[in-house]
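The values are calculated or read from the model by the stated rules, or taken from the named source; none is laboratory data. Since the structure is predicted, the reported quantities are computational estimates derived from the model, not experimental observations. Cβ: placed from backbone, ideal geometry, glycine included. Neighbour counts: every protein chain shown. Only protein heavy atoms, including side chains, enter the accessible area calculation; ligands, DNA and RNA are left aside. Shrake-Rupley method; radii C 1.70, N 1.55, O 1.52, S 1.80 Å.
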Amino acid sequence: MASFSGFEEILKTNEPLAPHTWFGLGGPAQFFAKPRSLDQLQALVVRAHDEGLAVRLLGGGSNLLVRPEGVSGLVIHLADPTFARIEVKRTEVIAGAGAKLGHVISTSIREGLGGLEALVGIPGTIGGALHGNAGSRGGDIGQWTCHATVLSAAGRVIERKREDMVFAYRDSSLDELVIVEARFQLEQDDPVELTKRMQKQWIQKKAAQPLGHQSAGCIFKNPRGMSAGMLIDQAGLKGARVGGAEVSTRHANFIVADPGCTTNDVLQLIEKVRAQVAARLGVDLELEIEIW
Ligand code: EPU
């Protein structure tokens, strides 16, 4: 605690991370902070940097699996409303990294701004979505991003313009320590049409994916030109289990955690799937979720 004196109001030690993740699994964070302002966030990052402590950013916890031993160092959660603001200026939407992607999508649609509706049903925050360039077949968040404010590991604020950012499949060049805020340049459209499009996407997604279960998003990235879900299915692994972890019978690229499931069950199931897809189909699957 000594290393974070002065931050007592916003800092906890040994904070369980499981309740902050969709899997609901895993151990605690050595230090866990919810800053209330950009200045406070910056000061925290500088202090951790000076102390040589690892810093991790927690978004919506929807793409994250935490190991039983938890993590050492500092976990920062941008859960304060300061970091969740959503503002619309003509055809631009400005959103804090802590804003829920779903809220940004619904605000955009209400304002008659199109583009992000293709991302409906993707959980998590704007920060997490930008970090991994979240998307679907209809597009990804990067293609609409025109500006981002980030913080370096040393606590320096950096402004990134469209031309300074590169987004690829589930990959973004925004690899500085913290994404603070982003701006999206959207297209004017009819809110009624946008709502219809969004509802269609939502229905398709609900039919294809085990939404609402204790799971994260897709576990593996799609190998170039292929679908990881289809490969895992073809390898005969739908319904495969280790302990309380099961490959979803609805969509094979999801793992559902039943009551009593542990992180190790999920990790072992991931390894089993990887090994069997490699052995049977000759494809090496790469993880999409992050493991802490
Ligand atoms: N399929 C199977 N068995 C399965 C799952 C899928 O045969 O168990 C087949 C489907 O029938 C379809 C094909 O595989 O012919 C593709 O499936 P789907 O349309 O569900 O898309 P996907 O490639 O599996 C991707 C993204 C999803 C996103 C959907 C819809 C990745 C890894 N996955 O899945 O994103 O929701 O398209 O746009 O890029 C995520 O990233 O977390 C995620 C869930």
Ile203 within 14 Å of the ligand (Cβ to nearest atom) and more than 21 Å from Gly128 (Cβ to Cβ) = yes
Is at least one residue of the range 77-99 buried (at least 17 other Cβ atoms within 10 Å of the Cβ) and closer than 29 Å to Leu269 by Cα?
-> yes
Does Arg280 meet the test of being part of a helix (DSSP H, G or I) and either in the same structural domain as Cys218 (by TED's automatic domain parsing) or within 12 Å of the ligand (Cβ to nearest atom) (or both)?
-> yes
Would you check if Lys100 is under 21 Å from the mean Cα position of the chain (by Cα) and assigned by TED's automatic domain parsing to the domain that holds Leu130?
-> yes
What residue, among those in the range 233-260 that are open to solvent by less than 30 Å² (accessible area, probe 1.4 Å) and within 8 Å of the ligand (Cβ to nearest atom), is farthest from Phe23 (Cα to Cα)?
-> Ala252
Tell me the strands (runs of 3 or more DSSP E) entirely within the range 36-154 that contain at least 3 residues that are farther than 19 Å from Trp292 by Cβ.
-> 86-89, 92-96, 145-151
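Between Pro35, Pro28, which is open to solvent by 20 Å² or more (accessible area, probe 1.4 Å) and at pLDDT 95 or above?
Exactly one residue qualifies, and that residue is Pro28.
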Does any residue of the range 153-170 turn out to be loosely packed, with under 13 Cβ neighbours inside 10 Å, touching a residue at least 60 places away in the same chain (Cβ under 8 Å) and either out of contact with any strand residue (DSSP E or B) (no Cβ under 9 Å at 6 or more places or on another chain) or not assigned by TED's automatic domain parsing to the domain that holds Glu92 (or both)?
-> yes
Restricting to the range 206-232, what's the tally of residues that are in a helix (DSSP H, G or I) and more than 8 Å from the ligand (Cβ to nearest atom)?
-> 3
